[in-house]
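Chemist: The following block contains the structure, expressed as structure tokens.
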Amino acid sequence: MSNSDEKQFVHWRYERDKSEILWLTLDRQGESTNSLGEAVFDELSDLLAMAEANTPTGLVIQSGKKASFIVGADIREFSGFTSADAVSEKIREGLSVFSRLENLPCPTVAAVHGFCLGGGLELALACDYLVALNVPETRVGFPEVKLGIFPGLGGTTRLTEKVGGLKGMELMLTGRMLRAPAARGVGIIDELVDEFGSLQWSARRAILKKRKSRGPSKLAAMTNRQPARKAIASMLRKKTAEKVNPAHYPAPFEMINLWESARDNRVRMFEGEAQKVGELMVGPTATNLRRVFFLTERMKELGKRADFPVSRVHVVGAGVMGGDIAAWCVLQGMDVTLQDRELKYIEPALKRAKALFKKRLRKKPAVDAALARLRPDVEGSGIARADVIIEAIYENADAKRELYSTIEPLMAEHAVLATNTSALPLEELAQDLKNPSRLIGIHFFNPVAKMPLVEIVYGENTDESWVLKGAAYCAQINRFPLRVKSSPGFLVNRVLAPYLMEAITMTLEGVDKEIIDASAIRFGMPMGPIELADIVGLDVCMNVAQTLAKGDVEAQRNLLQSMIDKKQLGKKTGEGFYVWSDGQADRKPATVDNAYGDQIAKRLMRPFLDECKAVSEDGIVEDDDLLDAGIIFGTGFAPFTGGPMNYLANNAVKENAHG
């Protein structure tokens with residue numbers, strides 16, 4: 001039946017069909033994806049009132065967006081709250097809406113395609129049955145811990161009810177997104193369909209047959225009960241504490257506490273979600289992690305400013321960086337040619353690529369297809385067809401300029417010419433090019449498959465159009481592009497240099513390397529500087545000491561050179577400061593006294609933070625917000641602080657307040 005003569009809504013469409021099934025379609029106005037904002041909730045409340053007043057045969061919730069269901073709550077609205085009580089009250093209102101949906105006297109179904117995350121999954125779990133489209137784009141999950149909170153609209157309660165306490169808590173604590181088959185396997189999704197046209201048909205059938213979720217197995221259900229719950233909570237706390245410090249990231253620990261203490265009482269669980277998430281939402285960790293989220297969105301925007309579709313990439317230099325850049329591009333669906341002097345130099349890169357493809361793609365046909373897109377190219381025949389050409393040879397300006405002289409005449413007019421240099425100024429590299437404005441830096445970080453930041457480096461004469469094309473390419477390979485001015489070390493390496501040198505200085509003074517690393521991790525870094533030096537490579541650190549380090553670093557260079565002479569280059573040779581086996585450093589457990597650890601961390605971070613201030617003054621990036629983003633995603637600097645410049649500003653405020 002038509003709804004043209006009934007109440008109109010801005011974000012929702014509704015229709016009762018001939019079977020008296022009520023179809024609610026969320027199509028948020030002015031947005032490319034659906035998110036749950038206050039206006040969306042208000043309209044849903046009115047729609048549920050209609051269903052309560054005139055009970056339909058059943059109710060189906062679906063998305064009017066082509067690419068997704070609901071990506072979560074509208075994070076933009078979070079920043080408007082300053083008090084925990086105000087947040088908690090809003091959460092209670094949302095919980096009330098979802099409870100009304102859950103308590104309708106008719107069958108309810110969520111028909112899901114694409115991303116169904118956070119609040120979107122909480123809405124779906126409030127329905128009796130969840131049917132989803134089985135395509136790679138369909139993902140479900142609760143990523144809230146990455147924003148410093150946990151599911152607060154009934155998700156913590158309903159997910160553990162539906163799949164069991166252990167599995168539900170593990171999914172929420174990791175923030176993992178599951179593909180449709182995996183979500184069906186654990187019991188989040190009740191039914192999968194393979195064609196979009198079947199989604200509504202299956203939802204209708206579920207309504208007419210009054211289907212409901214089966215819920216967890218008896219064994220899974222037992223994990224929600226005592227005494228199993230207490231033992232599982234203890235295990236989850238221990239595992240979580242191995243990954244994050246509760247002082248820095250309180251949300252996962254608060255979620256575990258709530259589940260352990262209140263899982264026997266649904267009302268207490270819902271109220272606990274509202275209260276605790278309200279407190280967390282206005283706390284410093286969640287506030288800073290939201291800041292980081294918005295900074296990533298800003299970097300993504302840079303990648304959207306040029307219409308530059310990339311299908312072919314040519315990489316020159318099949319070493320660790322060049323080979324891994326090539327493999328990553330293939331993994332993102334591109335055709336790649338990989339060039340080096342002889343095939344024997346390319347073969348190790350092909351071997352590493354195959355291992356990456358097996359790990360990420362798993363199925364043999366997909367792995368074989370990826371390998372077919374990565375072609376050895378000793379002669380460089382791929383240059384003429386490439387959209388992007390990346391030079392990743394050793395750090396020698398003369399060698400790079402000589403290489404460009406052979407590449408430039410063969411390139412297509414539209415193609416980007418880029419260098420992966422980690423420190424050499426573009427002006428020096430571009431000086432012999434016929435069109436020096438064309439060369440940009442596209443600087444990846446090691447390991448390429450894990451580090452999300454790419455520095456897009458521009459020089460004095462670089463044409464902005466090439467910078468934007470480079471950023472567009474990065475966006476297409478799922479990396480965050482950051483526009484950086486050409487100068488020694490650019491942004492990330494320049495900031496890391498004094499930090500690494502300070503750590504090496506401490507080892508020369510006799511401070512135990514495990515103590516140094518543990519102190520840095522205690523501060524909030526993802527790993528210690530000594531382990532980082534091993535991963536980067538001590539030969540690279542030597543180059544840093546020679547080109548970027550300030551002051552007298554002769555003793556540090558002597559130590560590094562002695563290790564290099566012994567082939568102790570770090571992780572890549574199996575020994576550096578640490579001995580490495582199976583990709584892991586042989587670290588001894590380090591017990592650090594709080595005061596001593598803080599003293600070590602303060603000394604380590606001082607040159608790091610001082611260099612951030614110097615970079616800011618030199619205008620290496622556009623502003624301090626982007627500087628924070630670059631350092632977080634390029635070095636792993638403690639995200640809960642919101643970035644180094646934000647950390648310095650907040651500390652200055654605290655010092656003034658106590659001063």
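The values are calculated or read from the model by the stated rules, or taken from the named source; none is laboratory data. Note that the coordinates shown come from a computational prediction; the quantities given were computed from them, not determined experimentally. Cβ sites come from the backbone with ideal geometry, for glycine too, and all protein chains shown count toward neighbours.
Chemist: Can we say GLU464 is surrounded by fewer than 20 Cβ atoms within 10 Å (Cβ to Cβ), assigned by TED's automatic domain parsing to the domain that holds ILE393 and free of Cβ contacts under 8 Å to residues at least 24 places away in the same chain? Quick ask: steps written out before the conclusion?
Modeler: Working: surrounded by fewer than 20 Cβ atoms within 10 Å (Cβ to Cβ): yes; assigned by TED's automatic domain parsing to the domain that holds ILE393: yes; free of Cβ contacts under 8 Å to residues at least 24 places away in the same chain: yes.
It is true that GLU464 is surrounded by fewer than 20 Cβ atoms within 10 Å (Cβ to Cβ), assigned by TED's automatic domain parsing to the domain that holds ILE393 and free of Cβ contacts under 8 Å to residues at least 24 places away in the same chain.
Chemist: Just checking, which of ASN288, ASN224, ASN245 is under 30 Å from ALA111 (Cβ atoms) and within 33 Å of the chain's Cα centre (by Cα)? Show your work before the answer.
Modeler: Working: ASN288 fails: under 30 Å from ALA111 (Cβ atoms); ASN245 fails: under 30 Å from ALA111 (Cβ atoms).
It is ASN224.
Chemist: Of all residues in the stretch 229-258, which are loosely packed, with under 15 Cβ neighbours inside 10 Å and in a helix (DSSP H, G or I)?
Modeler: Residues satisfying the conditions are LYS230, ALA231, SER234, MET235, LYS238, LYS239, ALA241.
Chemist: Would you call ASN224 at pLDDT below 95, assigned by TED's automatic domain parsing to the domain that holds PHE270 and touching a Lys or Arg at 6+ places or on another chain (Cβ under 8 Å)?
Modeler: On the way: at pLDDT below 95: no; assigned by TED's automatic domain parsing to the domain that holds PHE270: yes; touching a Lys or Arg at 6+ places or on another chain (Cβ under 8 Å): yes.
For ASN224, the condition - at pLDDT below 95, assigned by TED's automatic domain parsing to the domain that holds PHE270 and touching a Lys or Arg at 6+ places or on another chain (Cβ under 8 Å) - is not met.
Chemist: Go through the stretch 158-203 and count every residue that is of a type in the set (Lys, Arg) and not in a helix (DSSP H, G or I). Explain how you work it out, then say what you get.
Modeler: Initially, the stretch 158-203 is screened for residues of a type in the set (Lys, Arg), giving 158, 162, 167, 176, 179, 184.
When the remaining residues are screened for being not in a helix (DSSP H, G or I), the result is 176, 179.
So the answer is 2.
Chemist: Go over the candidates VAL378, VAL388, VAL367 one by one and state the one that is aliphatic (A, V, I, L, M), more than 27 Å from ALA306 (Cβ to Cβ) and in contact with a strand residue (DSSP E or B) (Cβ under 8 Å, 6 or more places away or on another chain). Please lay out each step first, then the result.
Modeler: Details: VAL388 fails: more than 27 Å from ALA306 (Cβ to Cβ); VAL367 fails: in contact with a strand residue (DSSP E or B) (Cβ under 8 Å, 6 or more places away or on another chain).
That would be VAL378, the only listed residue that is aliphatic (A, V, I, L, M), more than 27 Å from ALA306 (Cβ to Cβ) and in contact with a strand residue (DSSP E or B) (Cβ under 8 Å, 6 or more places away or on another chain).
Chemist: Within the stretch 370-379, is even one residue exposed (fewer than 12 other Cβ atoms within 10 Å of the Cβ) and closer than 30 Å to PRO136 by Cα?
Modeler: Here is the first cut: in the stretch 370-379, the ones exposed (fewer than 12 other Cβ atoms within 10 Å of the Cβ) are 372, 379.
Within this subset, residues satisfying the condition of being closer than 30 Å to PRO136 by Cα are 372.
There is at least one residue in the stretch 370-379 that is exposed (fewer than 12 other Cβ atoms within 10 Å of the Cβ) and closer than 30 Å to PRO136 by Cα.
Chemist: Let me ask something additional. On the basis of being aromatic (Phe, Trp, Tyr), surrounded by 15 or more Cβ atoms within 10 Å (Cβ to Cβ), within 30 Å of SER519 (Cα to Cα) and modelled with pLDDT of 95 or more, does PHE490 make the cut? Even if it seems obvious, please write down each step before you answer.
Modeler: Details: aromatic (Phe, Trp, Tyr): yes; surrounded by 15 or more Cβ atoms within 10 Å (Cβ to Cβ): yes; within 30 Å of SER519 (Cα to Cα): yes; modelled with pLDDT of 95 or more: no.
In short, no.
Chemist: Suppose the filter is out of contact with any strand residue (DSSP E or B) (no Cβ under 7 Å at 6 or more places or on another chain), closer than 23 Å to GLU89 by Cα and either in contact (Cβ under 8 Å) with a residue 40 or more places away in the chain or small (Gly, Ala, Ser) (or both); does ARG305 pass it? Show your work before the answer.
Modeler: Working: out of contact with any strand residue (DSSP E or B) (no Cβ under 7 Å at 6 or more places or on another chain): yes; closer than 23 Å to GLU89 by Cα: no; either in contact (Cβ under 8 Å) with a residue 40 or more places away in the chain or small (Gly, Ala, Ser) (or both): yes.
It is false that ARG305 is out of contact with any strand residue (DSSP E or B) (no Cβ under 7 Å at 6 or more places or on another chain), closer than 23 Å to GLU89 by Cα and either in contact (Cβ under 8 Å) with a residue 40 or more places away in the chain or small (Gly, Ala, Ser) (or both).
Chemist: Restricting to the stretch 520-537, name every residue that is under 20 Å from MET321 (Cβ atoms), out of contact with any Phe, Trp or Tyr (no Cβ under 6 Å at 6 or more places or on another chain) and either of a type in the set (Val, Ile, Thr) or surrounded by 24 or more Cβ atoms within 10 Å (Cβ to Cβ) (or both).
Modeler: Matches in the stretch 520-537: GLU531, ALA533, ILE535, VAL536.
Chemist: Filter the stretch 569-591 down to residues that are of a type in the set (A, V, I, L, M, F, W, C) and in a loop (DSSP other than H, G, I, E, B) and give me whichever is modelled with the lowest pLDDT.
Modeler: Residues of the stretch 569-591 of a type in the set (A, V, I, L, M, F, W, C): 569, 577, 579-580, 585, 590.
Checking the rest, the ones that are also in a loop (DSSP other than H, G, I, E, B) come to 569, 577, 590.
Numbers: LEU569: 93, PHE577: 95, ALA590: 79.
The extreme case among them is ALA590.
Chemist: Shifting gears a bit: Residues of the stretch 135-157 being closer than 21 Å to GLY37 by Cβ, assigned to a loop (DSSP other than H, G, I, E, B) and among the aliphatic types (A, V, I, L, M), which ones?
Modeler: Of everything in the stretch 135-157, those that are closer than 21 Å to GLY37 by Cβ, assigned to a loop (DSSP other than H, G, I, E, B) and among the aliphatic types (A, V, I, L, M) turn out to be ILE149, LEU153.
Chemist: Can you name every residue in the stretch 97-114 that is surrounded by fewer than 16 Cβ atoms within 10 Å (Cβ to Cβ) and touching a Ser or Thr at 6+ places or on another chain (Cβ under 9 Å)?
Modeler: Once the filter is applied, which keeps residues that are surrounded by fewer than 16 Cβ atoms within 10 Å (Cβ to Cβ) and touching a Ser or Thr at 6+ places or on another chain (Cβ under 9 Å), the stretch 97-114 yields GLU102, PRO105.
Chemist: What is the residue count in the stretch 442-456 for residues that are touching a Ser or Thr at 6+ places or on another chain (Cβ under 7 Å) and acidic (Asp, Glu)? Don't jump to the end; show me each part of the working.
Modeler: From the stretch 442-456, those touching a Ser or Thr at 6+ places or on another chain (Cβ under 7 Å) are 443; that's our starting set.
Now drop any that are not acidic (Asp, Glu), which leaves none.
Count: 0.
Chemist: What are the residues in the stretch 176-220 that are in contact with a helix residue (DSSP H, G or I) (Cβ under 9 Å, 6 or more places away or on another chain), among the small types (Gly, Ala, Ser) and either without any contact (Cβ under 8 Å) to a residue 12 or more places away in the chain or on the phi < 0 side of the Ramachandran plot (or both), if any?
Modeler: SER213, ALA220
Chemist: Now for a separate question. Tell me, which strands (runs of 3 or more DSSP E) lie completely within the stretch 402-487 with 3 or more residues that are closer than 23 Å to GLY319 by Cα and under 20 Å from the mean Cα position of the chain (by Cα)? First the steps, then the outcome.
Modeler: On the way: elements: 416-419, 439-443, 453-458, 480-485.
Once the strands (runs of 3 or more DSSP E) in the stretch 402-487 are filtered for at least 3 residues that are closer than 23 Å to GLY319 by Cα and under 20 Å from the mean Cα position of the chain (by Cα), what remains is 453-458.
Chemist: Would you point out the residue of the stretch 40-64, among those that are touching a Leu at 6+ places or on another chain (Cβ under 8 Å) and under 27 Å from LEU147 (Cα atoms), that is surrounded by the most Cβ atoms within 10 Å (Cβ to Cβ)?
Modeler: Restricting to residues being touching a Leu at 6+ places or on another chain (Cβ under 8 Å) and under 27 Å from LEU147 (Cα atoms), the top hit is ILE61.
Chemist: Which of the helices (runs of 4 or more DSSP H) contained wholly in the stretch 283-361 include at least 2 residues that are in contact with a helix residue (DSSP H, G or I) (Cβ under 8 Å, 6 or more places away or on another chain) and under 19 Å from HIS443 (Cα atoms)?
Modeler: Details: elements: 284-302, 320-331, 343-361.
So the answer is 284-302, 320-331.
Chemist: Would you point out which residue out of ASN594, ASN656, ASN651 is within 30 Å of THR296 (Cα to Cα), of a type in the set (S, T, N, Q), exposed (fewer than 15 other Cβ atoms within 10 Å of the Cβ) and at pLDDT below 90? Break it down into steps so the answer makes sense when it comes.
Modeler: Working: ASN594 fails: within 30 Å of THR296 (Cα to Cα); ASN656 fails: within 30 Å of THR296 (Cα to Cα).
That would be ASN651, the only listed residue that is within 30 Å of THR296 (Cα to Cα), of a type in the set (S, T, N, Q), exposed (fewer than 15 other Cβ atoms within 10 Å of the Cβ) and at pLDDT below 90.
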